[in-house]
Each structure stands twice: as structure tokens, then as C-alpha cells.
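Asks: Sharing a structure with you now.
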Number of protein chains: 4
Amino acid sequence: MNHEFAIGGNPLPVAVLGATGAVGQRFVQLLDGHPWFRVAALTASERSLGKTYADACHWVLPEPMPIWARQMPLMASDPGQMDLRLAFSALPSDSARQVEPLFAAHGVVVCSNASAHRQEADVPLLLPEVNPGHTHLVYHQQVQRGWSGCIVTNPNCTITGVTVALKALLDGFGVEQAFLVSLQAVSGAGYPGVPSLDILGNVLPYIPDEEEKMEWEPRKMLGRLDGEQVELARIDLSAHANRVPVAEGHTVCLSVQLGRRASLGEVAEALEGYQGAEISRDLPSSPRPVIRLRQEPDHPQPRLDAMVGGGMTTVIGRLRPDPILDVKMVVLSHNTIRGAAGASIYNAELLVRQGLVAI
Amino acid sequence: MNHEFAIGGNPLPVAVLGATGAVGQRFVQLLDGHPWFRVAALTASERSLGKTYADACHWVLPEPMPIWARQMPLMASDPGQMDLRLAFSALPSDSARQVEPLFAAHGVVVCSNASAHRQEADVPLLLPEVNPGHTHLVYHQQVQRGWSGCIVTNPNCTITGVTVALKALLDGFGVEQAFLVSLQAVSGAGYPGVPSLDILGNVLPYIPDEEEKMEWEPRKMLGRLDGEQVELARIDLSAHANRVPVAEGHTVCLSVQLGRRASLGEVAEALEGYQGAEISRDLPSSPRPVIRLRQEPDHPQPRLDAMVGGGMTTVIGRLRPDPILDVKMVVLSHNTIRGAAGASIYNAELLVRQGLVAI
Amino acid sequence: MNHEFAIGGNPLPVAVLGATGAVGQRFVQLLDGHPWFRVAALTASERSLGKTYADACHWVLPEPMPIWARQMPLMASDPGQMDLRLAFSALPSDSARQVEPLFAAHGVVVCSNASAHRQEADVPLLLPEVNPGHTHLVYHQQVQRGWSGCIVTNPNCTITGVTVALKALLDGFGVEQAFLVSLQAVSGAGYPGVPSLDILGNVLPYIPDEEEKMEWEPRKMLGRLDGEQVELARIDLSAHANRVPVAEGHTVCLSVQLGRRASLGEVAEALEGYQGAEISRDLPSSPRPVIRLRQEPDHPQPRLDAMVGGGMTTVIGRLRPDPILDVKMVVLSHNTIRGAAGASIYNAELLVRQGLVAI
Amino acid sequence: MNHEFAIGGNPLPVAVLGATGAVGQRFVQLLDGHPWFRVAALTASERSLGKTYADACHWVLPEPMPIWARQMPLMASDPGQMDLRLAFSALPSDSARQVEPLFAAHGVVVCSNASAHRQEADVPLLLPEVNPGHTHLVYHQQVQRGWSGCIVTNPNCTITGVTVALKALLDGFGVEQAFLVSLQAVSGAGYPGVPSLDILGNVLPYIPDEEEKMEWEPRKMLGRLDGEQVELARIDLSAHANRVPVAEGHTVCLSVQLGRRASLGEVAEALEGYQGAEISRDLPSSPRPVIRLRQEPDHPQPRLDAMVGGGMTTVIGRLRPDPILDVKMVVLSHNTIRGAAGASIYNAELLVRQGLVAI
């Protein structure tokens, strides 16, 4: 595919809302050199307004801050001040709840990483390789709210890879129940996030509100679009969330009860062969492959596997029978790429491809 | 209780087999000042024979090497060379399989931390606060094997705290099924053990043979002694084992299906109030309390809770309903104290109290 | 010595100012069971007033919060509200600058861990085993400021062990110059302190204002009391300060040019044999020994050596010739015990012994 | 420059000796897609012979094992079995001492990361941006030893960046003395290398033989080629070596006495502007830039700066006056790229450019 062609030649100018935080930085880094999008505005909270991005931002990524971003002035998150059709939101949830609707009302498609609107019935909770059809909710959203823009969300970072795995299993065999125990990286808590004294040589067996998201969000994404809303998938999920001293990469131990008996070989095939709908496959951020299945007993590991497929691939290993349910496995995905900024960008690419972003 | 009185005045001379490794060091440290036992012999593998303990041992504990141990000469693991009634074994499994029976045949009670003999029908797999009656197997063991001594084992470090928790639940409500996902400290792998390059900022989602032990050992300990053997408890267990960058303290996420409905309050009461049999309570190493139930949402943590009760208490937190099974919780225990050397010593104390060690 | 006798029977009631922070917690923990002092008041900032200590304090120490502290109400740092002769200050520097003089004016001896007053000419910067005579400054301080109480400070955590080492060398041979490169634990930055994303698997080669303190404070403590002030010692110091992923224990690489030639054996003897003035030796918190010299090439290490002497001893190792200056060594001390709360308590004990605290 | 053209079209077949270790893996990874070199042979110790690289190698790098390497058979380190002109040696020192001369005698140019031959008078200790002219020693080496090949070494990983910095200062102002205190990553110790129990949350203040190398090797590289040997530079160096819990990237705190007074601005200019000899600049592995000078007070950091210039750039920060010597700074370089495999490859490129590798 010719990515340049897809949107007619000129990269689309976009905004990054909440650009100075950890996820905001990841947006800026991933959009550097993006074939379809060009960052035209960076927003921040009041005390950073007017400063340049380089001055206001305590950059925490190993990849260097892009040159073009350094001198960009930080603006308020005010849609009236910018003439754009697309915005990426790395806003904290409180602020997202206020600000994102203003942008949507102003005609902007907001691809949001915030949890604020994920549970609303007319807001897609979207992973392109899982439920690209859920973007139809946008039409109801626009009608119902009188917006010319819209809000589209991506799920919690921890559940992203798990949902991809569950989708592959659901398509193949059905899924009844699943246990999920996460070992999550500190970057998932943003910056400054987790105090070092709490996590050096330690485990925190609790992350506020995380388990609730892990137990609910997959059911919306794996649910069936039924007219103007999504019927939640009937899958019972039980989650334990833990923080571990890892910088990037969320690991989830997953035990699944399938809808019908399947051999390990069939399960492996269903995972490895999973591709997602045609429309999700050949976008700039599409994971290649969607799922990588590792055979070595000691994989996936965050240090070694988080960057597979540019950080967009879901890496699975240790597939084996489960003595209680059917199969056990370990699922890894990169929490600030596949699980956050990369997810929103991939969503935006799908929306462009579906013609939902005015170009 | 007057501990000194319990064994009639003079501390019993004991051997530590495999004294230079990480668990061997923990035996030496915990036996420093023990009211009933006095270390009279330290054994090591061939290349250390004749050296002093201080010279041969790369000490890895924060607690200092006891003064009396420094100049002790390292001996071969040969029961003929020492006149002792009690030995603690920190031998690696291969070597334990050969050596421990020689000691038992020679009249020595061997309290072993090795996995070599745990699955044998006439060998107790023992936690005093869980199954003190299983020491009756010793009589069958002696008759069957023609030994005047015996071998008594303690379980795998990861499953120790979990088994205490399951026992409290079993007594209260019955237990049908449990999911166990461990986040294990590196000291569990001994020394040198896990290479730092593998675990710094990383998770290893695999520990060889660990899950098999986690799924089987509790069933023996929670089983019913039936004449000359233990009938395994009918509990389905499913385990995921992970290594995390923590020095000491194994954390386990536990989801349990009880035998009958119980409120969270009842479950909390059953855990907190659990005491074990009378005979296990007032020994020098008895955990005080057996179980500590933490109410704070972010406990237990290895850094903050591993040393509760001198490292012998099982610390439980995050008790809450489980959407699939009945209850979820997090269980922590100190892996080289409650889960290894401290376990063997506590076992030996029980055997002394039961009159199974000749004094 | 009979510690109880020393102050006439009843423990002295004391306040801990700024009790909820990391150093404040260490004061509370170290004062638990102290033979001379009993905590009678805990103070905190406005938003914690009226709460109990257990409710307001996010406890970060592995040692449990003392039972007696749990239900104590938090008070404002107002000397009028408490009838006490002695206060320990864990206040942040800004607040210490305002509050500590109010206490001193009100007749309270303030033993402060804050840096606010360390550079003032009439305020002792005190380590009992180094410069106990500097407490004479208190008389000038009281006359000059019209206070019935006083302020006595302890030095920066990083420089504490180094100053003890330099004092032993100074007494033995004179000291001309020293290079100091620190590898500092995160607990030195308080709580929440260093964000985990900044320090996991990383080194921060900069700690604001730290090198200035490292280069100046030893010169005051090693200086000669000359009438009403201290003449700074003429020692050139050059410091590099680094933060490393360690929880407790500051390591300093030290190269020293002595005033006169000395063999390594003589230097070792001077370090190991160093005792400090008679008056500093037999106090409840006196380090025993003052300096521990380790012979093993790979010591001192924070994990293994920070708690020597209950965390009050300065541990030195790797003594060897320096190709440029005279000798090189590595110095370790526990940063929140010897380097912070323990230092203030030890100072207070000296003041009691010197009759400077009204009893 | 057209790299392909430089060696006439076809990539030169090369061997990697000791390919399964941590540095061997880095060679394989860095040579993947190299414009001049193509890996034609991988060697390993006896127990791996005949296995494929994928089977014998426990891959520890985050970058994936190149596809072409997976099925390559492991061979003995025997020059008679391969027809090659160039070999990269990641052999351990003992084995390098035996094996490398066999290759050199057989006509192979050996670019070695081992320390075995670094101190020999006729063996270049080489950093292309520092002392490219030292390759003239090769002629003496060949004459003296009767070899048609040769051995060329790169320095110890810790001293690499420091030597680049010292060279820039030497050219600008002269250098008299320098203090070097390292904070080294665990990957510098190979695999399995440092046990995790030794380094998690800890500092090891000792690395065997490291300080001796740090104090000697720069003097050879900064020395003047005088006929058939190098006259060591007259610079006094004093080193402290520490291991810290970092995966990749060695940090060195450096204090330098210059040959003549210079302002900080002049020093900054000398560092930033340093380029090395013309011949070292435009090679495939040339660092771009040679030195990056960071202005932010909290840089360089291993996590954020080790990969600057593809891991070949020396990153310097915290330039400031030194109270004893002239200037202080912090120097970072990537220990397995610039400090090991990348160094040998860069050396080989220089040798090709100089016509010392027969093509």
C-alpha cells in the first residue's frame, strides 16, 4: 500500500492534547515521521502555556525529542485556537471529561487514550484488529450529541494485548471465562507516577481502578454491535493487577475457558494466524504480525519482547493446558505504544481509512 | 513457655548439610542463638572440604555471619563422621536424593528443604501449622526402610504461604479450586541463581518445574492421613510462576472457590483467627500470628511485609470477591525464612516436641 | 553505662516535627523504645492536622509503625501548644527556617536534620564522634539570639560517613585534599522523592545542591572552635553526586591526600582504632564500632553493610594506594539512620550528657 | 560517502569468534546489514560445536537475533577451517591469548575485544577517533612475529568514552591528571555475569582488574607513536570502579587537571568540536557526533543517552569547575556497542580504509 496516497498527498495537521506528560511524549515521538499525520499543535496545562515544548517538557523517553517539536509553543486545549480535524488526547481523565467534548463539538475527531468516555454507550472503545466495526457508533454519537466531530477511545494499557488474544480465541472457539493477573510496568502510571521507594526491589499488589477496567473493557470490545449500541460479550473475567519494577511492557498471566474443546495446536494456530479484519491490516501502525507466538519456555519478557513489531505486536508465550480452565498463556504488550499512544494513532488511521476523518 | 526447658537444658547439636549455599547460610543465620539447637557440623561439597566456613562461603545475607560459624571447618556430608541426631538439609536436589537416606539410615532425623523426597508416600511434607499429624508417616518410613532416623520435608517456598491460607479456608468452608500466580524473589533461585541481565527491569514468566510443585504439594499437605499414607486433597490448582526483580519475599495472587458460600467477613475471620493445632503454636519458630491480614489496599508488599513475625508469618491482603470463583486475595511469605530454612527448623521443633527426635 | 540512670529515671518527652515524611518516620521508628526519650508530640503540615498518625502517614519503612504512634493526633508545629524541652526536626528546609527558631525561642532544644541553619556561624553542625566540642556554640547562639532553647544541626546524609573517615585521618596524619564521588540511595530524597521512571535501571548524575554541601560541611565539622565561631578546616574537597537504584545506604568513593606520608597499615589502624572523644562513646546511639574496616575486596555494599552497628557505624573498605593522592577507599553509611534521624538523636543524647538539655 | 563502493562491491566475509556470549551476540547484531562485512563463520567452545547458532545461544539482546544467523552452524575457532581475511574476537581472555595468534599467523586480521594482547608493545590498542595512526604497529607486529595477519585490540569498555574525552582535552589544553569513578552496567560482565542477588538494589564497589586497566590503557592510546612502539602518555590516572544495577551504559565521573588554564567555554568547545582524524570520520560505524555535550544538569543518563549516535557517541554532561583540579564532568558511553563489539567493528573499518585488510 502506498501510505502517502491514502490521504491524498499532504499529511493531515493534528494536535496532541496534554503533550508534556509521559503518554503525550510518546504521541510526539511516534508521530515523528508519520506518513499521514503532522503535529501542528501541542497543548498543555496552564502553567506551561507560552513556553516551548523543550522548555516545558521533562522528556522521559530514550528516543530523542524530535527536532521539530523542540521550539513548538504550548497552547491551551482550546479547539477555537486551532483549525484542525484530528486530535490525540493524552489528557488526564478529569480534564479529558471536560475538554474532549469541546473539541468534538468543534468538529474535531478526538482519538483519546483517557478512560473518561470509554464506558459511554455511543463512544467506540476501539482496537482496529479487534472491533473496527464499532466505529459505527460514531454516527449515533454525532446525531445524539449534535457534534460534527467525535470521540473514539482506546482501552486501558493492561487489557490491550489480552483483548487481542481473547478475540483470536473467541473467533476460533468461543470464550467463557478468563483469569488475568498483570505484572505492569511503571511507565503505565505516567510521570512522576510511582515513587521509586515504593517499587525498587518490590511489588505493589494494587493499582487503583485497574482491575475494574480489566474486567469490563474487553467485554465491550468483544461485544456485538447491535444497532446503536454494543451488547457486552458474556465473558466472565477476574483480574489481579500488580506493579513491578519494569520500565516498559505489561505482562499478563492468562487462563481461559474456551467455548468448545480445542487442542493446544489448534489454539496456537488460532493465535498465530489471527489477522483482524482486512481494513485493519495495512495501516501505517498495523502490528506486523498481530500476534507473535513464542515457543521458548522463558518468553515473552518485557526486556526482550516489548518492541516486537515496533511495539505494536501482541507477544504470547507459554501456551499450555490449564488444570482448571482450558488453556494458560502469558501475554505481553508494550504499554505506552500498543497500550496507549500507538493505540490512538492506529485508531486514527482506521478512522481515516473509513472516511470518518474529513480530509 | 520456657523453650530451654523443653529439651531438657542442653541445646541439641545439629548439622547443616550444604551450608555454603544461600539456603545453607539462612540455616546458619537462623540457628544463631536458637534456644534448642546448636550447630555442631557444617558440610559442603568436595572443593570446600577442610576450609573454614568463612573462607569457603560467599555470604549473601544482610545479617552478619555468626562469629561461631566463621572458624568451623567444612566437612563432607557423611553421617559416619559426626555423632548427631538431627540434620538440616540445604542440599541441591540431586545430592539430597543420595545423601539424606544415608543420614536417616544412620539414625539421624533429616529436616530437608530439598524437593527430592517430597513426593514419596512415606515422607511427610510438613508445615507445623497446617498438618502436624502427618509426622506419623515417619513410623511407616522407619519400618519400611529399616531406618532409625527419618526424612521430613518442607514444601516449595512459593507454595508455603498459599498452603497456610488454603488450610485456614479449608477448615472454615472447604476449598474446591484455586488459581495461583506467583511473583517470586530471586533469592528463591539460590546463589548465583538468576543472572542480573535476565531480571533487572524485567519479568521472567517461567521457573522450571515450579508450577508442577505449586499444583501438587498443597494437595499432599492438605490431604487426610489415612493409615500409612496421605490421601491427596481434592482441590484443583492452576499455577503461573514468575520471577520478578525482588530480593526476598514471594507474592502470590490467589483466587479461590470455597466449598460453601461465605461472606468476606467470615473469610477474613477464618484467615485472621487461624491458629493451627495446639502443638504447633508455642515452638521457638512458631509464626506469631500465623496469618496477618492487612486492611490497607496496597499490602502485602515484599519490602514492607516479608519480615512480619520474624519472617515466619503469612501476610494476606486485598481480600475481595472474585467474579468467577468466590474470593481473591494476595498472599506473601518470606521465601528463605518461612519458605525454606525457617520451615525446616520449625519442622524440627515440632518433631522434638512430638518426641520424634531422640534427645 | 546505665542509660536509664543517665537522665534520672523518667524518659524525656520529645516532639518530632514533620513526622509524616520519610525522615520523620525514621525518627518515630528509632525513638520506639529509646531509653531516654519518649515521643509526646508529632507535628505535620496543615492538611494532616487532627488526623491520627496512622491515618495521615503513608508509612514507607520495613520496620512496622510503633503501636503507640498509631493513634497519636497530629499537631501543628507550634511550640506554644506543647510543654517540651526537646524536639527533633524532620521539617523541609523552607519550613525549618521559619519554625525551628520559634521553638528555640520558646526554650526548646531543636535537633534538626534540615539544612536551613547549618551554615550559620553560631549553630553547631554536629557529629558527636567528630566534633562534640562544637556544642559550645550553643551558648553564643542563646546570648546572641536571646533564646533559652537552641538549634543544633546534623550534616547532609552523604557527607556523614565521609566526615567520620576524614576526622580519623585528620587526627592521624592531617588531610589536605579529598575527592568524593557518591552513589546515593533514593530514600535520601524523601517520599515520594525520585520518580521510579527516572531511576529504574538508571543513574542520575546530579542531585540539586548536594555537591555544594559535600564540599563545605566537612570543613565546618572538622574546623577548630575559635572563641565564638568555627574556623573552617583548610581541606580542599571536590564532589560528584549520583543517585543510583538503591533503597538505603549511601556509598562514597574517596581519594585523600594526607598531611604526611603514612603506610596503608597505619591508615588502616587509624581508621579502625578511631573512637571519638570519650563523651561521645557510651550514649544509647553511639556507633559500635565507630568505623568498621572491611578487608574483603567487594565490601562495603549497601545491601550487606548498611545496618552494621544498627545503621550507625561508618563502614569502610577497599583501602589502597591512590596513584595521584595518597589513599583511596570506599565509605558507606546508612543515610536515613546515621545520615539523618539517627544523627539528630545521637546529637540530642550528647546534649543531654553535656547538660545542655534542661531535664 | 558510498560505503558499498569503499570495498569494491562485495561485502567481505568475516568470522565472529566466541559468538554465543554477550559480546559475541552484540557482534552478530551490529553486523546485521553491515555495508562492508558479511558474517560467514561463527565459532564457539567445544560443547556447542555442530549446533546451530539459534540452538546453542541464549540470546540476551532486546534486538532480535538476525534471521541469517539462526541456522548457521557453530564451528571451532580454527583458522584452517575457514577462508577469511577478517575476524572479530569476543573470546574470553584466556582463550584469546591462545587462539588469536593462530588466526593472525594464518593471515587473518583479528579485531579483538579481549584484554589478552592489549599491553603488548606491537599490538595497537585502538580507537579510530583517538589514535588511528597507531595501526602502524601492525607492520612491526607482522615482521617481528612472522605473521601475515595481525591482532588489533580495542580498549576496556569503561575507559572508551573517557579516552575520547581525554583526547579532546589533550589536543586542546594538555592533560596532567584525572580522577575516574565508574558506575558500570551489568552487561559489561557478560552473561551470566553478575548474580542478581548481588546487584538488585545494591552497588558492588569492586570489579576485578578493572581499575588497573582504567589507569593504564588511556596512557597507551594517548601516547605518541615513536618508531616501533608507543611512548605512554604522561598522565596520572586514579580510578574507582563500581557496578550498579543498570543493564547497558557505563557512566564515569571525571575530574581533570589540564596542561594549561582554560575557561569552561573553551573546554566545552574543545569537547563538542572534537572530530578525530579525517580518516576516522566517514566510516560506517563512525560516531556522529564523536562527542555530544549535554547542557541539561541531569544528563547524561544511561537510560536516556546510551543510544545517542547508535550507541557510538560519547555523551558528556555536567561540565563545571573542579575545586581541586580544573574541570569536572560526567562521561557516558554504551559499553557493549562503543565499548565492545562496535569498537572492534569500527577498528576493522579503519583497517580496511587504511588498506590493512587484504580484500
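Asks: Suppose we filter A:S89, A:S93 for residues that are under 26 Å from A:M307 (Cα atoms) and either among the polar types (S, T, N, Q) or free of Cβ contacts under 8 Å to residues at least 24 places away in the same chain (or both); which single one remains?
Replies: Numbers: A:S93 fails: under 26 Å from A:M307 (Cα atoms).
Only one candidate qualifies: A:S89.
Asks: Within the set of pairs 6+ apart or on separate chains, which have a first residue in region B:300-314 that is within 14 Å of chain A (Cβ to nearest Cβ), a second that is outside any helix (DSSP H, G or I) and of a type in the set (K, R), and C-beta atoms under 9 Å apart?
Replies: B:P300/B:R292; B:P300/B:R294; B:P300/B:R318; B:D305/B:R292; B:D305/B:R294
Asks: When you go through A:V152, A:V194 one by one, which is the residue that is within 24 Å of B:C253 (Cβ to Cβ) and either assigned by TED's automatic domain parsing to the domain that holds A:A306 or surrounded by 22 or more Cβ atoms within 10 Å (Cβ to Cβ) (or both)?
Replies: Numbers: A:V152 fails: within 24 Å of B:C253 (Cβ to Cβ).
The unique qualifying residue is A:V194.
Asks: Quick check on my filter: what residues within region C:283-317 are at positive phi and touching a strand residue (DSSP E or B) at 6+ places or on another chain (Cβ under 9 Å)?
Replies: Start the filter on region C:283-317 by keeping residues that are at positive phi, which leaves C:309-311.
Listed by number, the residues that qualify are C:G309, C:G311.
Asks: For region B:320-359, which positions are of a type in the set (G, A, S) and more than 21 Å from A:N202 (Cα to Cα)?
Replies: First, pick out the residues of region B:320-359 that are of a type in the set (G, A, S): B:333, B:339-344, B:348, B:355, B:358.
Within region B:320-359, B:A341, B:G342, B:A343, B:S344, B:A348, B:G355, B:A358 qualify.
Asks: Still on this structure, I have one more. Can you tell me how many residues within region A:235-253 are under 19 Å from A:G317 (Cα atoms), more than 7 Å from every other protein chain (Cβ to nearest Cβ) and not hydrophobic (A, V, I, L, M, F, W, C)?
Replies: Number satisfying all stated conditions: 3.
Asks: Which pairs have Cβ atoms under 6 Å, sit 6 or more apart or on different chains, and link a residue in region D:53-67 that is within 14 Å of chain B (Cβ to nearest Cβ) to one that is surrounded by fewer than 17 Cβ atoms within 10 Å (Cβ to Cβ) and at pLDDT 95 or above?
Replies: Close Cβ pairs (under 6 Å, with a partner that is surrounded by fewer than 17 Cβ atoms within 10 Å (Cβ to Cβ) and at pLDDT 95 or above) amount to D:W59/D:M65.
Asks: Further question: Could you list all residues from region D:198-219 that are buried (at least 21 other Cβ atoms within 10 Å of the Cβ), in a helix (DSSP H, G or I) and either away from chain C (no Cβ under 11 Å) or over 23 Å from the mean Cα position of the chain (by Cα) (or both)?
Replies: The answer is D:D198, D:I199, D:E210, D:E217, D:P218.
Asks: If I ask for residues that are in contact with a strand residue (DSSP E or B) (Cβ under 8 Å, 6 or more places away or on another chain) and farther than 14 Å from C:S280 by Cβ, which ones from region C:335-355 would you list? Steps first, answer last, please.
Replies: First, pick out the residues of region C:335-355 that are in contact with a strand residue (DSSP E or B) (Cβ under 8 Å, 6 or more places away or on another chain): C:335, C:338-339, C:341, C:344-345, C:347-348, C:351-352.
Scanning region C:335-355 gives C:N335, C:G339, C:A341, C:S344.
Asks: Take the conditions at pLDDT 95 or above and closer than 17 Å to A:V130 by Cα and apply them to A:P289. Does it pass? Lay out the reasoning, then the answer.
Replies: Details: at pLDDT 95 or above: yes; closer than 17 Å to A:V130 by Cα: yes.
Spelling it out, A:P289 is indeed at pLDDT 95 or above and closer than 17 Å to A:V130 by Cα.
Asks: Further, regarding this structure: Mind listing whichever residues of region C:163-197 are away from chain A (no Cβ under 14 Å), in a strand (DSSP E or B) and of a type in the set (S, T, N, Q)?
Replies: Result: C:Q177, C:S182.
Asks: Here are A:V152, A:V138, A:V99, A:V108: which of them is closer than 21 Å to A:L17 by Cα and in contact with a Gly (Cβ under 6 Å, 6 or more places away or on another chain)?
Replies: Being closer than 21 Å to A:L17 by Cα and in contact with a Gly (Cβ under 6 Å, 6 or more places away or on another chain) holds for just one of A:V152, A:V138, A:V99, A:V108, which is A:V108.
Asks: Being surrounded by fewer than 23 Cβ atoms within 10 Å (Cβ to Cβ) and without any contact (Cβ under 8 Å) to a residue 40 or more places away in the chain is the filter here, so list the residues in region B:98-115 that pass it. Step through it out loud before you land on a result.
Replies: The initial filter retains those residues of region B:98-115 that are surrounded by fewer than 23 Cβ atoms within 10 Å (Cβ to Cβ), namely B:98, B:101-102, B:105-107, B:115.
Correct list: B:Q98, B:L102.
Residues checked against (1) within 30 Å of A:D198 (Cβ to Cβ); (2) under 18 Å from the mean Cα position of the chain (by Cα):
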site: B:R234; (1), (2): no, no
site: B:A239; (1), (2): yes, no
site: B:A247; (1), (2): yes, yes
site: B:L254; (1), (2): yes, no
site: B:L258; (1), (2): no, no
site: B:A262; (1), (2): no, no
site: B:Q275; (1), (2): no, yes
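Asks: For B:L271, which of the numbered conditions (1) crowded, with 16+ Cβ neighbours inside 10 Å; (2) more than 15 Å from B:A165 (Cα to Cα); (3) of a type outside the set (K, R) fails to hold?
Replies: (2)
Asks: Considering D:A56, D:A22, which residue is in contact with a strand residue (DSSP E or B) (Cβ under 8 Å, 6 or more places away or on another chain), outside the structural domain of D:G309 (by TED's automatic domain parsing) and either under 17 Å from D:P92 (Cα atoms) or surrounded by fewer than 24 Cβ atoms within 10 Å (Cβ to Cβ) (or both)? Outline the logic, then answer.
Replies: Details: D:A22 fails: in contact with a strand residue (DSSP E or B) (Cβ under 8 Å, 6 or more places away or on another chain).
Every option except D:A56 fails the conditions.
Asks: Let me ask you something else. With respect to B:R353, determine if the residue is of a type in the set (D, E, K, R), surrounded by fewer than 24 Cβ atoms within 10 Å (Cβ to Cβ) and within 20 Å of the chain's Cα centre (by Cα). So that I can check it myself, show each step before the final result.
Replies: Numbers: of a type in the set (D, E, K, R): yes; surrounded by fewer than 24 Cβ atoms within 10 Å (Cβ to Cβ): yes; within 20 Å of the chain's Cα centre (by Cα): yes.
Considered against the rule, which asks whether it is of a type in the set (D, E, K, R), surrounded by fewer than 24 Cβ atoms within 10 Å (Cβ to Cβ) and within 20 Å of the chain's Cα centre (by Cα), B:R353 comes out as yes.
Asks: Within region C:225-256, work out how many residues are farther than 30 Å from C:H140 by Cβ and either among the aliphatic types (A, V, I, L, M) or surrounded by fewer than 20 Cβ atoms within 10 Å (Cβ to Cβ) (or both).
Replies: Step one: of region C:225-256, the residues farther than 30 Å from C:H140 by Cβ are C:238, C:240-256.
Subset that is either among the aliphatic types (A, V, I, L, M) or surrounded by fewer than 20 Cβ atoms within 10 Å (Cβ to Cβ) (or both): C:241, C:244, C:246-247, C:252, C:254, C:256.
Qualifying residue count for the region: 7.
Asks: Scan region D:255-263 and give yes if some residue there is free of Cβ contacts under 8 Å to residues at least 24 places away in the same chain and away from chain B (no Cβ under 14 Å), otherwise no.
Replies: Pass one, region D:255-263, residues free of Cβ contacts under 8 Å to residues at least 24 places away in the same chain: D:263.
From the residues that got through so far, the ones that are away from chain B (no Cβ under 14 Å) too are D:263.
Within region D:255-263, one or more residues are free of Cβ contacts under 8 Å to residues at least 24 places away in the same chain and away from chain B (no Cβ under 14 Å).
The values are calculated or read from the model by the stated rules, or taken from the named source; none is laboratory data. The model shown is predicted, which means the values in this text are computed figures rather than measured ones. Glycine gets a Cβ as well: all are built from the backbone with ideal geometry, and neighbour counts include every protein chain shown.
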